[in-house]
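See structure below.
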Amino acid sequence: MTKIVVVTSGKGGVGKTTTSASFATGLAQRGKKVAVIDFDVGLRNLDLIMGCERRVVFDFVNVIQGEASLRQALIKDKTFPNLHILAASQTRDKEALTPEGVEKVLNDLRSEGFDYVVCDSPAGIERGAHLAMYFADEALVVTNPEVSSVRDSDRVLGLLASKTRRVERNEARIKEHLVLTRYNPARVLKGEMLSLEDVTEILAIPVLGVIPESTAVLNSSNAGTPVITLPDADAGQAYDDLVSRFLGEDRPLRFTTVEKKGLFSKWLGG
Amino acid sequence: MALDWLKFFRTEPKNTANLAKERLKVVVAHQREGRGRGPEYLPKLREEILNVVRKYVDVPETAVNIQVQNEDGLEVLEMNIALPEQRRS
Ligand SMILES: Nc1ncnc2c1ncn2[C@@H]1O[C@H](COP(=O)(O)OP(=O)(O)OP(=O)(O)O)[C@@H](O)[C@H]1O
Ligand SMILES: [Mg+2]
């Protein structure tokens, strides 16, 4: 059974692509067959974060329009052969993404035996974001501890509960998970930033992971390697916990309180 | 505007997070009005009915369909159970 997971947020720039890349890679590290799709038509990004930008020949829209087969367009990850990337199109025509086209690609991935399809949603609540969530079984709602991000996440939760195929077919609800990212426990302690408790109280969905604000994220995107592959990075470890929890393992939250850090761990990126 | 902002920080030096939370509660409550997800128990009800039906008939996951209808101000639960096609011999 293929599970379709959308990574969504409403607000832009909160960490959806960063999360999609690490989440998909983490699942692949655990032996799952994974495809990660960039739904951000016109603003391709995931390929850079996954470090495969030079190997993009065909994209999502090419497949939908029948200009390439799915197999031709899927890019095999350089480290994990069971991880595949489908790049977004650079076309400016957002209409190129059609519900029928998206459904066909997802069905083909199903028959290819993929365990997980991770859909990296664009910002906003327009066509691309709608199609990224429409077919989903589960949702990672990426949120920053900041007012506009939390409000947008709540709007997205409203859409997940009304504008998806599961709702239309009266099937069991999409399983929603909170991913609180760019979290800074020191600022929370000072009363300058919403705490994890504040955010979960408002959004009322279970938390899957808390990712700290981390210099390692920029370093990893510079290099084109998802941060989860850096075992010494705090954000990488937090994403690793998140993936394990998603698969049902019990892992306590880390990086949610202020820790006294040695020089060494500071230097590694905290 | 800038003055108000300064005043705010003088009287309440630390609790901007609390203020954020209170403002969000109001905004989110407003946003949720009229979202109308139907009764909370609907998915569970559907699932349980599906399980009961499956005791007797082999039906797919999508066989049970429940909808909330509003008829003359009265809320009505409309339920459809699609049975698999039967051949008559
Ligand atoms: N935990 C983190 N710590 C520090 N920086 C982060 C973290 N997560 C994401 N970022 C940074 O935030 C920026 C936006 O991240 P990302 O591209 O993943 O967001 P997005 O939600 O996909 O954006 P868009 O809405 O434009 O698609 C990037 O510069 C990224 O490096
Ligand atoms: Mg993105």
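The values are calculated or read from the model by the stated rules, or taken from the named source; none is laboratory data. Note that the coordinates shown come from a computational prediction; the quantities given were computed from them, not determined experimentally. All Cβ positions, glycine included, derive from the backbone under ideal geometry; neighbour counts span all protein chains shown. All accessible areas refer to the heavy atoms of the entire protein, side chains included, with ligands and DNA or RNA removed. Shrake-Rupley method; radii C 1.70, N 1.55, O 1.52, S 1.80 Å.
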#### Entry: Matching residues, the stretch A:158-179, being open to solvent by less than 10 Å² (accessible area, probe 1.4 Å) and either within 9 Å of another protein chain (Cβ to nearest Cβ) or among the basic types (Lys, Arg) (or both)
A:158
### Residue that is surrounded by the fewest Cβ atoms within 10 Å (Cβ to Cβ) [pool: residues in the stretch B:32-70 that are modelled with pLDDT of 85 or more and within 8 Å of chain A (Cβ to nearest Cβ)]
B:47
### Task
Check off (1) assigned to a strand (DSSP E or B); (2) open to solvent by 20 Å² or more (accessible area, probe 1.4 Å); (3) without any contact (Cβ under 8 Å) to a residue 60 or more places away in the chain for residue A:182 and give me the number that stays unchecked.
(3)
### Message
Of the conditions (1) under 25 Å from residue A:229 (Cα atoms); (2) among the hydrophobic types (A, V, I, L, M, F, W, C); (3) out of contact with any Asp or Glu (no Cβ under 9 Å at 6 or more places or on another chain); (4) not in a loop (DSSP other than H, G, I, E, B), residue A:139 satisfies every one except a single condition; which number is it?
### Response
(3)
### Task
Report, by residue number, each residue of the stretch A:137-148 that is surrounded by 23 or more Cβ atoms within 10 Å (Cβ to Cβ) and either more than 10 Å from every other protein chain (Cβ to nearest Cβ) or basic (Lys, Arg) (or both).
A:139, A:140, A:141, A:142, A:143, A:144
### Task
Filter the stretch A:90-128 for residues that are touching a Leu at 6+ places or on another chain (Cβ under 8 Å) and touching a residue at least 40 places away in the same chain (Cβ under 8 Å) and give the result.
A:97, A:105, A:109, A:112, A:115, A:116, A:117, A:118, A:120, A:122, A:125, A:128
### Message
Pairs needed: first member in the stretch A:38-57, away from chain B (no Cβ under 14 Å) and more than 16 Å from residue A:121 (Cβ to Cβ); second member anywhere, hydroxyl-bearing (Ser, Thr, Tyr) and within 12 Å of ligand 2 (Cβ to nearest atom); C-beta distance under 8 Å; at least 6 residues apart or different chains.
### Response
A:48/A:221
### Task
Among the numbered conditions (1) in a helix (DSSP H, G or I); (2) farther than 24 Å from residue A:158 by Cα; (3) at pLDDT 85 or above, tell me where residue B:8 comes up short.
(3)
### Query
In the stretch A:198-217, is there at least one residue being within 14 Å of chain B (Cβ to nearest Cβ) and in contact with a Pro (Cβ under 7 Å, 6 or more places away or on another chain)?
yes
### Query
List pairs: first in the stretch A:142-156 and touching a residue at least 24 places away in the same chain (Cβ under 8 Å) and among the acidic types (Asp, Glu), second in a loop (DSSP other than H, G, I, E, B) and surrounded by fewer than 24 Cβ atoms within 10 Å (Cβ to Cβ), Cβ under 6 Å, 6+ apart or cross-chain?
A:152/A:11
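What is the residue count in the stretch A:25-43 for residues that are more than 13 Å from ligand 2 (Cβ to nearest atom) and within 15 Å of residue A:109 (Cα to Cα)?
4
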## Note on the structure
Those residues of the stretch A:9-37 which are within 9 Å of ligand 1 (Cβ to nearest atom) and more than 14 Å from every other protein chain (Cβ to nearest Cβ) amount to A:9, A:12, A:13, A:14, A:15, A:16, A:17, A:18, A:19, A:20, A:21
